[in-house]
1. Measure up A:Lys189/A:Lys278; A:Lys35/A:Lys254; A:Lys35/A:Lys189; A:Lys35/A:Lys278 against 27 Å on the Cα-Cα distance and list the ones that go over.
2. If each DSSP helix of 4+ residues adds -39,500 (n - 2.57) and the sum is divided by the residues in chain A, what number results at 222 nm, nearest 500 deg cm²/dmol?
3. So what J values fall out for the range A:271-287 if you push phi through Karplus, 6.51 cos²θ - 1.76 cosθ + 1.60 with θ = phi - 60°, rounded to Hz, Gly and Pro as x?
4. Let me know the Rg and Dmax you get for the range B:174-214 when you use only its Cα atoms, in Å.
5. Per Stokes-Einstein, at 4 °C and 1.567 mPa s, what whole-number D in µm² s⁻¹ belongs to the range B:216-393, with the Kirkwood radius over Cα pairs as the hydrodynamic radius?
6. Take A:Trp196, B:Trp189 and order them by how many other Cβ atoms sit within 10 Å, fewest up front.
7. Can you tell me the length gained on complete extension of the stretch A:Thr171 to A:Arg117, counting 0.36 nm per residue apart and subtracting the Cα distance?
8. Quick check on the exposure proxy: order A:Thr272, B:Thr360 from fewest to most C-beta atoms within 10 angstrom.
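Any read-out appearing in this document is the output of simple, stated calculations on the displayed coordinates, not a laboratory observation. Treat the numbers as computed from the prediction; the structure is a model and nothing was measured. Every residue, glycine as well, gets a Cβ built from its backbone with ideal geometry; the counts of neighbours run over all protein chains shown.
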Amino acid sequence: MTTAAGSIDALAQALQAEGYYADRRLATAAFLALKLQRPLLLEGEPGVGKTALAQALARVLGRALIRLQCYDGMEQREALYEWNYAAQLLHMRAAEGQGQSVEAVEREVYGSRYLIRRPLLQALQAPAPGAVLLIDEVDRADEPFEAFLLEYLGEYQVSIPEVGTVRAEATPITLLTSNRTRELHDAVKRRCLYHWLDYPERERELAIVRAQVPQAGDALSAQVAQFVARLRSQPFANAFQRAPGIAESVEWAKALVALDTLVLDPEVAVDTAGILFKQREDVAALTHELATQLLAPEPV
Amino acid sequence: MTSLLGDARTGKFADNLTGFGRTLRRAGVRVDAARMALAQQAALLVGLERADLAAALEAVLVSREQDRAVFRELFDACFRNPDVAQKLLAQMLPSAPAKAPPRHRPRVSEALAPIYAARNAPPREEQKIDFDAAMTASDAEHLRHADFNQLSASEYRLVERLARDIPLPLPTYAARRTRPGTRGARVHWGGALRRAARTGGELLDLPLLARREQPLPLLVLVDVSGSMERYARLLLAFLHAATAPGQGVAVRRDVFAFGTHLTDLTPAFRHADTDAMLAHAGRAIADFAGGTRMGEALAQLRGQHARRLVGRRTLVLVVSDGLDTGEPAQLERELAWLRRRSARLLWLNPLLRFDGYAPTARGAAALHRQAHAMLAVHNLERLQDLAASLARLVRPPN
């Protein structure tokens, strides 16, 4: 394994070099996931960097990122594997006239070239150093789907009746994310390490905005970080239904740069509220008055 | 208190970690032996630096967001660095004022109790078991037409039990999952191939993939204000039993109680036993028998749990008498939202028992306008009707 996974600090620094600012607790969890070779289940509000962690980890480790986006009704054939049935049928028809033995036909029909590999299988068969598999928004898939995952999460293998058991060539680093719209089954959780991602504190958010939007001046970045941090904290959080995530603050900083804003004022904040909030009520809730309060210097 | 961490050099750490695991278990954090072994490995990897150890053990031993606070308090209590000087001082001067014990949440205190062994364990509450006399058929008949509101306590228990036995076949929709069959929209190629293999590569017929029938996801909103207290309990018990996972295909159930605010009862509904569910729900609901501000509760639902409404096919049951003290405009707005986002919004109204009932209260009027249908739920016969009404009222989408 690369040196980035040598210690918690090394991993945190390597992630930072890729633009992902992890706090020490998250770095510890990720470090353990690498060292213990366990899947890591990340839960947290939307936009706190669950998916981004997988992307950054893949770059740090020099591994390919394979992503499985979950959705309601997802089935094994979309997550694990599927046979290319049409091609198999054609093959069988073609082999018919050639007097091949039954075994030979069978071997070829269930050969690897007719196997369509879906993300889980791709991750298992990725050549060294292996892949980073992101199983995104597991909570969107329905409960029966979780059962498909168990064998993979526990043993890093999947069983295909016609082929046998496919084991990982190099253990994939596996991350699962969940927005917690429902509680995952204990069997899944038992196989994973767990980390709850909070919104970042202001300094970390500032660092992220600076790294992602270098064009923004120091004053603007600091204002953005402070504004968003206060939005998420009491008493302001009560006024909104959904607090903006890190992705929103970065987008907002970019928009402000595009508008040639040097210093935030309530006017601009209200005009660009549609970037911070994605719900009509929340956009309306950010009034001129509230924005003024949010931008006011912190009481000492 | 002595630290459980001890000194790593004396090799006590493993024992102490095991003790910590036991303490977590007592606090209701699910920790098994495999987890503890993993925690051991994790600790070796990150070293004994306090913050790192805390983060590592949390990543390994905690698997639910709600357990994090408990974990942290327990970690702080169990792995406090031994303050040798303080301990010596305490030994030399027995009158030295000891630090006031930190205030813990009840779950934590309970788990720590055996460690603070000085205290006597509080006596366990004896479980009382009441036996109801067997019910004769005529009693059952009598109860069938009685009003729940007028039942004595023991009768009430009987009704609860009866209610559990009425099956509630929920309407279904064609899910995205498929099963092989003789009709359907897609060809079941895997099956076709296997059959063709049997007939020498000849396709004699095409097996098809039909979409599975899945019960509509259920979202239940139960009014637990004073006027609804008994109905709420009964309806919860009934719905819990009638939609239990044992009854065929698992139904997705999300359950909330509302009075002055919203309480998520979904975790309580995970208990298999209805009494355990009711006990859990009773503990969870802080505003039992208080007032009703449905509009605010619904706004909370929209803000925090909007995704519990799955893809506009959720069947929403609002169990309420519509006696609302909140702002009518807000209630109307939130109900309109709920109606838009659900397959059917059904109002189960216990007040319908009165002949000539008209939804004139402001809350009731709003519910009446927004709900797709209003059903009576005031006695057992009506509960039996509920199943039939559901099938009639809910045409599955697509």
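1. Violating the 27 Å limit, Cα to Cα: A:Lys189/A:Lys278; A:Lys35/A:Lys254; A:Lys35/A:Lys278.
2. -14000 deg cm²/dmol
3. Result, ordered by residue: 5, 9, 4, x, 8, 7, 10, 10, 10, 3, 4, 5, 4, 5, 6, 7, 8 Hz.
4. Gyration radius and largest Cα-Cα distance of the range B:174-214: 11.1, 37 Å.
5. Stokes-Einstein gives a translational diffusion coefficient of 81 µm²/s.
6. Placing the least packed residue first, the sequence is B:Trp189, A:Trp196.
7. So the extension gain works out to 17.7 nm.
8. Sorted ascending by nearby Cβ count, the order is B:Thr360, A:Thr272.
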